[in-house]
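Derivation of every value follows stated rules applied to the coordinates shown; laboratory data play no part. Remember, it's a predicted structure, so these values are computed and weren't measured experimentally. Here Cβ is always computed from backbone atoms with ideal geometry, including for glycine, and neighbour counts include all displayed protein chains.
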Amino acid sequence: MSATQGEEFMITVSDLTFDYASHRALHQVSFTLEAGSVTALVGPNGAGKTTLMRCIAGLEVPLSGTITVADMDVIERPREVHRLMGYLSDFFGLYQELTVAQCLEYAAASQGLPPSAIEGAVRDTAQRLGLADRLSQVSGTLSRGLRQRVAIGQAIIHNPRVLLLDEPASGLDPEARASLAALFRQLQASGMTLLVSSHILAELDEYSSHMLALRDGRILEYRALGQNIAAATSRRIRVTLARPDAALTERLRAQAGLTLHAHDESSAEFDLEGDDAAQAALLAALVASGMPVLSFAEHKENLQQSYLRSIENHQSAAGGAA
Ligand code: ATP
């Protein structure tokens, strides 16, 4: 099934404000998630990630603002929205006495699948999650990682177009995390739109296309990942030398169209205006001037760096405003 059946944006959140009895958890949050994207929802404890997910899942009623999923308002049309959405909460529960097959059958029936489709859906989902040989095992006897997989299976049994996952990898060992990451890539390849919260940024980095950073109930930043940090007309480059050379900084400062950032005698990071030819020409010039260039490459930010930069920008903006 294609996730992009006409909608460019799968989730649209507009001016969302959410209050607990004595605390405002979300302040006029607005963003859109493209169909087929995988968005890493990041932020410190208490930022509002779970609250935001619960609002998108239609489990909380906001004070103000609107949320649409595939152009349907989640408050006005909850049943239709739930048909095309899967949600794994941070503290999920399984019926301990049911077998894996029964857990999946129950989820399929509660998602409204017709009885004739349930057996096939259970088989396909178990296959997708590597649970095919566990179908008759009682869920209460499964390891944490396998229970997590059953819970994800319950969330995707109806082949949703949108999947919300709150801390899906918590408590998993490295191998289980790797297989979860592979599953998310597979779900995205099948056209699903994913919103995944986690504190383990390196892991989100493996499969996320976008980052949504929250802090104190406000959006710090929403952006596509894997793009160069420099503006589109320039590129961020990192050069390292095999041995220190005091002339490196001076040489780079003399270069037209170059903005120097972090640097010392052995390495430098800078933005260079221009295309591949400009990059190649600078490398050739450094080598020709006798610099022992060890590496010279375009530098793309990972999720951790992107997130820390959002926080830095936020702090300096707040400092500037003070
Ligand atoms: P974590 O990373 O720790 O899971 P989070 O980003 O998911 O945090 P939320 O659980 O959404 O954050 O909480 C946002 C804010 O709302 C926090 O300040 C939290 O204390 C508060 N909060 C959450 N649930 C309730 C509740 N039921 N009643 C009152 N305040 C709450």
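First check a/c for the range 55-124, with a ≥ b ≥ c the square roots of the eigenvalues of its C-alpha gyration tensor; if it is under 1.5, answer rounded, and if not, answer prolate when a/b is larger than b/c or oblate otherwise. Before the final figure, lay out each step's value.
Numbers: a/c = 3.41, a/b = 1.75, b/c = 1.95.
It is oblate, given that a/c is not under 1.5 and a/b is not larger than b/c.
Put +1 on the Cβ of each Lys and Arg and -1 on the Cβ of each Asp and Glu in the chain; which of VAL122, GLN279, VAL81 then has its Cα farthest toward the positive end of the dipole?
Selected residue: VAL122.
From the Cα gyration tensor of the range 113-185, with a ≥ b ≥ c the square roots of its eigenvalues, which class applies: rounded if a/c is under 1.5, or else prolate if a/b is larger than b/c, or else oblate? Please report the intermediate quantities before stating the final value.
Working: a/c = 1.99, a/b = 1.32, b/c = 1.51.
Verdict is oblate for the range 113-185.
Can you pull out the GluC sites (Glu not before Pro) in the range 229-322 whose DSSP state is coil and whose Cβ has at most 13 other Cβ atoms within 10 Å?
Working: sites: GLU250, GLU265, GLU269, GLU273, GLU298, GLU301, GLU312; in loops: GLU265, GLU301.
Passing both the DSSP loop test and the Cβ count: GLU265.
Show me the GluC sites (Glu not before Pro) within the range 29-87 that DSSP assigns to loop and that have at most 14 other Cβ atoms within 10 Å of their Cβ. Spell out each step's value before the answer.
Numbers: sites: GLU34, GLU60, GLU76, GLU80; in loops: GLU60, GLU76.
Here the sparse-neighbourhood loop sites are GLU76.
Would you work out the charge dipole size for the chain about its Cα centre, treating the Cβ of every Lys and Arg as +1 and the Cβ of every Asp and Glu as -1, and quote it to the nearest 20 debye? Please report the intermediate quantities before stating the final value.
Numbers: 26 positive and 37 negative charges, 81 e Å.
It comes to approximately 380 debye.
Distance from the Cα centre of the range 31-70 to that of the range 250-322, in angstrom?
35 Å
Pop out the ³J(HN,Hα) list for the range 265-273 in order, Karplus 6.51 cos²θ - 1.76 cosθ + 1.60 with θ = phi - 60°, rounded to Hz; leave Gly and Pro as x.
7, 10, 7, 7, 10, 8, 9, 10, 6
Between beta-carbons, use under 12 Å as the cut-off and find the net charge around HIS210, counting Lys and Arg +1, Asp and Glu -1. Write out the running numbers ahead of the final one.
Details: positive: ARG223; negative: GLU34, ASP205, GLU221.
Residues near HIS210 contribute -2 overall.
If each DSSP helix of 4+ residues adds -39,500 (n - 2.57) and the sum is divided by the residues in the chain, what number results at 222 nm, nearest 500 deg cm²/dmol? Mind showing how you got there, number by number?
Working: 10 runs with 112 residues, N = 322.
Value at 222 nm, helices only: -10500 deg cm²/dmol.
Over the range 215-297, consider all pairs of different Cα atoms and compute the Kirkwood hydrodynamic radius from their mean reciprocal separation; express it in Å, one decimal. Don't jump to the answer; show the numbers that get you there.
Details: mean 1/r = 0.0719 Å⁻¹.
Every distinct Cα pair counted, the radius reaches 13.9 Å.
Once you list every other residue whose beta carbon is under 13 Å from the beta carbon of LEU129, what net charge do they have if Lys and Arg are +1 and Asp and Glu are -1?
Numbers: positive: ARG123, ARG128, ARG134, ARG147, ARG149; negative: ASP124, ASP133.
For residues surrounding LEU129, the net value is +3.
Per-residue HN-Hα couplings for the range 73-78, Karplus 6.51 cos²θ - 1.76 cosθ + 1.60 at θ = phi - 60°, whole Hz, x for Gly and Pro?
Couplings: 6, 5, 7, 7, 10, x Hz.
With the Cα gyration tensor of the chain giving a ≥ b ≥ c as the square roots of its eigenvalues, does the rule (a/c under 1.5 for rounded; else a/b larger than b/c for prolate; else oblate) give rounded, prolate or oblate?
Here the chain falls in the prolate category.
What's the local net charge at ASP276, with K and R +1, D and E -1, over the other residues with C-beta under 11 Å away?
Details: positive: ARG235; negative: ASP275, GLU298.
That works out to -1.
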